[in-house]
1. At q = 0.26, 0.30, 0.34 Å⁻¹, work out log10 I(q)/I(0) for region 60-106 with the Debye formula, treating every Cα as an identical point scatterer and leaving solvent out; two decimals please.
2. Report Rg/Rh for region 44-141, rounded to two decimals, where Rg is the Cα radius of gyration and Rh the Kirkwood radius.
3. Using 19 Å as the Cα-Cα cut-off, could you pick out the over-long pairs in 193/226; 10/44; 44/99; 44/226; 170/211; 10/193?
4. Per the helix-only calculation at 222 nm, which mean residue ellipticity applies to the chain, given -39500 (n - 2.57) for every DSSP H run of n ≥ 4 and division by its residues, nearest 500 deg cm²/dmol?
5. So for 87, 40, 180, what's the accessible-area order with a 1.4 Å probe, most first?
6. If you take the beta carbon distance between residue 122 and residue 231 as r and set R0 to 30 Å, what does 1/(1 + (r/R0)^6) give as a FRET efficiency, to the nearest 0.05?
7. Ignoring ligands, DNA and RNA, how do 1, 227, 43 rank by accessible area with a 1.4 Å probe, largest first?
8. Based on the Cβ-Cβ distance of residue 45 and residue 164, what FRET efficiency does E = 1/(1 + (r/R0)^6) give at R0 = 25 Å, to the nearest 0.05?
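The values are calculated or read from the model by the stated rules, or taken from the named source; none is laboratory data. Only a predicted model underlies this, so the values are computations on that prediction, with no experimental measurement involved. All Cβ positions, glycine included, derive from the backbone under ideal geometry; neighbour counts span all protein chains shown. Note: areas computed on protein heavy atoms with side chains; ligands, DNA, RNA excluded. Shrake-Rupley method; radii C 1.70, N 1.55, O 1.52, S 1.80 Å.
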Amino acid sequence: MLAVLIDPDKSDESRLDNLVFHPDFNQIDFLFVGGSLVTDGNMKTCIAGLKKRTDKPLIIFPGSPNQIDENADAILLLSLISGRNPDLLIGRHVESAYKLKRSGLELLSTGYILVDGGRTTTVSYISGTTPIPNDKPGIAAATALAGTQLGQQLIYLDCGSGASNHASPKLIAAVKNEIDVPVIVGGGIKTAKDAQRVWDAGADIVVVGNKLEDDPVFLGELVEAKMAFVEG
Ligand code: 1GP
């Protein structure tokens, strides 16, 4: 499946129109909204703008509790299990627990694993955590396994937005081999070939953000790659 990550700080009305009226928009399975650092207020405006335009599942990918918005459909309840920052393992969850309960959002408990994508990304800087080296599939697999043993329903392997490289096929395959829950892979996917490689390695959902912001033609190429994968 294919998810598009929308950065609320870069999503004015015309950008949302361009996405939703794109001829291949219907082939997107999920819309993720959020980011490590989002200006207050933009999240609400972006979710309202999307809800006005589409019924596609709208899932919050939160960088902080102020990104919780009951108008979305669900939220990736992320626990940053590759890091050792207690705030992102349980602290923010405690702060948000009542708000989440009242929101009525579907909660998708997600083990979030940061993988080194070749450069310091906003998420590694803001979270103050060290990513797992891309050439250490064993560490990633053990981390993912521990996450599922703790009851996490999804595993997200992320190199962070704008990473130079995506998670390696070896690392994705090693994770996939250990667990039975769906694996989401994002960060640094910049070509249809990258996406193809990531699906081939076993990713259930490929997430693309950055590249689509500057190159709307890319969506057509991605959809073509997705179709080829599904059919082949
Ligand atoms: C980042 O996985 C997402 O958290 C998407 O990354 O913006 O690099 O596509 P990109």
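1. Each listed q maps to, in turn, -0.97, -1.20, -1.39.
2. Numbers: Rg = 15.1 Å, Rh = 14.8 Å.
When Rh is taken as the Kirkwood radius, the ratio is 1.02.
3. Values: 193/226 10 Å; 10/44 13 Å; 44/99 15 Å; 44/226 30 Å; 170/211 23 Å; 10/193 26 Å.
The pairs that break the limit, which is 19 Å between Cα atoms, are 44/226; 170/211; 10/193.
4. Values: 9 runs with 91 residues, N = 232.
That calculation yields -11500 deg cm²/dmol at 222 nm.
5. Numbers: 87 60, 40 120, 180 155 Å².
So the residues, ranked largest to smallest area, are 180, 40, 87.
6. Values: r = 36 Å, r/R0 = 1.20.
Taking R0 as 30 Å, the efficiency between residue 122 and residue 231 is 0.25.
7. Working: 1 100, 227 60, 43 10 Å².
Largest accessible area first, the list is 1, 227, 43.
8. Details: r = 31 Å, r/R0 = 1.24.
It comes out at approximately 0.20.
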